[in-house]
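Notes follow the structure.
The values are calculated or read from the model by the stated rules, or taken from the named source; none is laboratory data. Here the structure is a predicted model, which is why all the values come from computation and not from measurement. Glycine gets a Cβ as well: all are built from the backbone with ideal geometry, and neighbour counts include every protein chain shown. When the accessible area is computed, the model is the full protein with side chains, heavy atoms only, and any ligands, DNA or RNA have been set aside. Shrake-Rupley method; radii C 1.70, N 1.55, O 1.52, S 1.80 Å.
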Amino acid sequence: MGIFKAAAVQMRSGTSPERNAADMERLVREAAHQGATYVQTPEMTGALIRDKQAGAAAFTTEDKDVVVSTARKLAEELGIYLHVGSTAILRADGKLANRAFLFAPDGATIANYDKIHMFDVDLDNGESWRESASYEPGTEAVVTDINGARLGFAVCYDLRFPQLFRAEALAGAQLLSVPAAFTRQTGEAHWHVLLRARAIENGAYVIAAAQGGLHEDGRETYGHSLIVDPWGRIIAEAAHDAPGVIVAEIDPAQSAAARRKVPNLRNARDFAINASEARRLRGAAS
C-alpha cells in the first residue's frame, strides 16, 4: 500500500445546487492541483436548505442531481477518487436520503452510503433540529477500497456513535471519513476531541471535510476541516470557517503500525453487563 495525498474540501453551501456544484468544482480542482488523489467534500455539498418546502423543490433524484453529475465528470477528468460527503437525494419511494457518493478515477460509482444516525437534538442556545422529519436513515455501514487502502463511511452526527467506526475498522478500514455540517456550538465543544478519539480508538486516519460559516438559510456551521493520523495527531486543519482546501499525505502503513503498538482491536473481549439496582452491603454504615 503506497503513500498518497488526500484532501478535505471546506465549503459554505447555500440554497442553490447549481452554485454549490460550481463551488465544489473550483475547490476540487484546487485539491487535485495540489496533488490529492482522494478528495472529500462536506455533508450536504449540494444545498443547505432548512425550509422543507424549499428543499422539496430543490432536491431531486440521483440521475438528475447536478452535484452527482458534476462530481462524476470531475473524477474522470482529473483521475481522482472523489468522495461527495453527502447530498440530499430523492429516493424512488419519495423519501429523502442524506447520501454520500464515491466516484472512481474513471467516473464509475464505487459506493454509496446513507447517513445512519439522524440529528434530532435540542441545543441550549435555542437551536432545534429534527433530521428524521425530512430524511430516511440508512441501515448499512460501508467499507470500500481506494488507492490500495480501505475507507469507511460516516456522515456528521454518526461521529457520536463509536460502534460504527469500530465495526468499519474491524472490517479493515484504515481511513475513516466524517464529512460534516457541525453546528458552531457543538463544533466548538466537541469537533476536535471526537475526531481525534475515533482515530485513536481505531488506529486509523480520519478525514473530515466540513461546512463552515453563516449560510443562506440562516444556520451557522463550525468549519475546521481536519485530517487526523492513526496516532491521533492533527496533520492538516482549516483553522477557520471559510471555504478552502487542506491536503495531507496518507500512509496506510501507519495504521498498521499504530495497531501493533496498541492492539485494542485484537484485544477486545465480549462481556456481560450487570445493571442491577444498588444494594446496601451488609455491615455498611447506615
Legend entry - Solvent-accessible surface (1.4 angstrom probe) belonging to Glu43, in square angstrom, nearest 10: 10
Legend entry - Amide H contacts of Thr60 (H built 1.01 Å from N, under 5 Å, at least 5 apart or other chain): Leu90
Inset, instruction - May I ask what percent, to the nearest 5, of DSSP beta bridges between residues of the chain are antiparallel? - result: 70
Legend entry - Max mean-square fluctuation residue, GNM over the chain, Cα-Cα springs under 10 Å, options Ala256, Ala236, Ala272: Ala272
Legend entry - Carbon/sulfur fraction of accessible area - the chain, other protein chains in place, 1.4 Å, %: 50
Legend entry - Solvent exposure ordering (accessible area, 1.4 Å, most first) of Phe271, Phe59: Phe271, Phe59
Legend entry - Student exercise, the chain dipole from Lys, Arg, Asp, Glu Cβ charges, in Debye to nearest 20: 1140
Inset, instruction - Please build a GNM for the chain, connecting alpha carbons under 10 Å apart, and tell me which residue among Arg166, Arg91, Arg266 fluctuates the most. - result: Arg266
Legend entry - Identified option (computed percent of Cα pairs over 31 Å apart; candidates [x] 48; [y] 26; [z] 30): [y]
Inset, instruction - May I ask you to list the aspartates and glutamates whose Cα is less than 19 Å away from that of Lys261, ignoring any residue fewer than eight positions away on the same chain? - result: Glu201, Asp229, Asp251
Inset, instruction - Kindly provide the helix-only [θ] at 222 nm of the chain, computed as the sum of -39,500 (n - 2.57) over DSSP H runs of four or more divided by all residues, to the nearest 500 deg cm²/dmol? - result: -8500 deg cm²/dmol
Legend entry - Net charge, Asp65 excluded, C-beta distance under 13 Å - Lys, Arg +1, Asp, Glu -1: +2
Inset, instruction - For the chain, report the accessible area per residue in Å² (1.4 Å probe, heavy atoms, rounded to an integer). - result: 46
Legend entry - For region 1-124, size of Cβ-based charge dipole, Lys and Arg +1, Asp and Glu -1, in debye: 140
Inset, instruction - Taking the Cβ of Pro42 as the centre, find all other residues whose Cβ is under 12 Å away and add up their charges (Lys, Arg: +1; Asp, Glu: -1). - result: -2
Inset, instruction - Specify the residue with the greatest mean-square fluctuation among Asp229, Asp65, Asp217, computed from a Gaussian network of the chain linking alpha-carbon atoms under 10 Å apart. - result: Asp217
Legend entry - In region 75-151, GluC sites (Glu not before Pro) in a DSSP loop with at most 13 other beta-carbon atoms within 10 Å: Glu140
Legend entry - Under 12 Å from Lys73, Cα to Cα: aspartates and glutamates that are on another chain or at least 8 residues apart: Glu25, Asp106
Inset, instruction - Compare the Cα positions of Asn274, His190, Leu226 along the charge dipole of region 187-286 (+1 at Cβ of Lys, Arg; -1 at Cβ of Asp, Glu; about the Cα centre) and return the one farthest towards the positive end. - result: Asn274
